[in-house]
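Report on one structure; see the data block that follows.
No lab work stands behind these numbers, since they all come straight from the coordinates. These figures come from a predicted structure and were not determined experimentally. Here the Cβ positions follow ideal geometry from the backbone for every residue, glycine too, while neighbour counts run over all protein chains shown.
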Amino acid sequence: MERTGIEVKPGETTEIKPGFLEVKPLGSDLVYVLEPETGEVAEEIFFTKPRATLIPGRFDVKFGKVLWPGGVELEPGTTTVLKPGVIEVESKLGIFEFVAKDLKDQEVDRGSQPGKVRLALPPGKYVLEIDPPKWLKTISDEQRKVEVELGEGEEVKIKIE
C-alpha cells in the first residue's frame, strides 16, 4: 500500500476518514491496540467497547501477552474484524488461578478469578494450567492441565466442578 501524507491548506477543511477495528468474540481482558514503532497504546477494546476508531495505518493488537500475528492494517472508511478464539473456564469451586501458555511454554496470560473467565487469544494451540499451586484438592490432574486448539472465532468451554 502506498503511503501519502495529509496536506492541510489554509482556509480549507481537510477530511481524514478513520479506519475501524472490531474484535469479536471478546474475552474478560482488555485488548490493546498498539503503535508498532513505539509499543504505545493507541486504543483499548473491551466487552462494552468492542470497536475502535483509529487513523488508518498499521497497528499491533495485543491479547494478554501475545500479539495478533502480522498486526493489522486499517484502511480509511473500512472496518477490519479480528476473530480471536476464546477459552472460557467456569468454576463452581470459588476463586481459581490459571496460566495460559503457548506450545513453546511461553506465558500468554494469567490471572485469578472467581466463577468464570474468558481468555481471547489469536488462533493457535495453547496449554491452560488451572490452579498451578494445587490449592483446589477436588480437581484431578487432567483438569489442571488442558491442551486447547483455538480456531478463528472459536469458543472452547471448560468446566471445573
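Which three numbers, in whole Å and largest first, are the semi-axes of the equivalent ellipsoid of the range 104-161 derived from its Cα gyration tensor as √(5λ)?
20, 13, 11
Whole-Hz ³J(HN,Hα) for each residue in the range 141-153, computed from phi via Karplus 6.51 cos²θ - 1.76 cosθ + 1.60 with θ = phi - 60°, x for glycine and proline: what do you get?
So the Karplus estimates, Gly and Pro as x, are 4, 5, 6, 6, 10, 10, 8, 10, 10, 9, x, 4, x Hz.
Would you mind getting me the FRET efficiency between ILE16 and SER140? Use the beta-carbon distance for r and R0 = 41 Å, nearest 0.05.
Efficiency, from the Cβ-Cβ distance: 0.15.
As an exercise, identify the trypsin sites (Lys or Arg not before Pro) in the range 71-161 lying in DSSP coil whose Cβ has no more than 13 other Cβ atoms within 10 Å.
Loop-located and lightly packed - LYS104, LYS134, LYS137.
Filter the GluC sites (Glu not before Pro) in the range 37-130 to those in DSSP coil with at most 11 other Cβ atoms within 10 Å of their Cβ, and list the result.
GLU37, GLU40
Which stretch or stretches of the range 89-129 have amide N atoms under 19 Å from the point lying 7 Å from LYS159's Cα along the Cα→Cβ direction?
Output list for this probe position: 89-96, 114-119.
For GLY27, enumerate residues with amide H under 5 Å from its amide H, sequence gap 5+ or separate chain, H modeled in the peptide plane.
Under 5 Å from the amide H of GLY27 lie the amide H atoms of ALA120, each far enough along the sequence or on another chain.
Amide H of ARG110 versus every other amide H placed in the peptide plane: which residues, excluding those fewer than 5 positions away on the same chain, fall under 5 Å?
Distant-sequence amide H within range of ARG110: ALA100.
Taking the chain as a Gaussian network, Cα atoms linked when under 10 Å apart, which of ASP29, ASP105, ASP60 shows the biggest mean-square fluctuation?
ASP105
Can you list residues whose amide H is under 5 Å from ILE158's amide H, if they're 5+ apart or on another chain and H is modeled 1.01 Å from N?
Here GLU88, VAL89, GLU90 satisfy the definition.
Would you mind estimating how fast the chain diffuses translationally, via Stokes-Einstein at 25 °C and 0.890 mPa s with the Kirkwood radius over Cα pairs, in µm²/s?
Value of D from the Cα-based Kirkwood radius: 141 µm²/s.
Run the numbers on the chain and let me know its relative contact order in percent, using alpha-carbon pairs under 8 Å that are six or more apart.
RCO, the chain: 23 percent.
Measuring from label point to label point, each 7 Å out along Cα→Cβ, what is the ASP105 to THR79 span in nm?
A separation of 4.3 nm, rounded to one decimal place.
Among the chymotrypsin sites (Phe, Trp or Tyr not before Pro) within the range 71-161, which fall in a DSSP loop and have no more than 12 other Cβ atoms within 10 Å of their own Cβ?
TRP135
Once you have all Cα-Cα distances for the range 19-82, histogram them in 5 Å bins from zero and send the whole-percent values.
Calculated P(r), rounded to whole percents: 4, 20, 34, 28, 12, 2.
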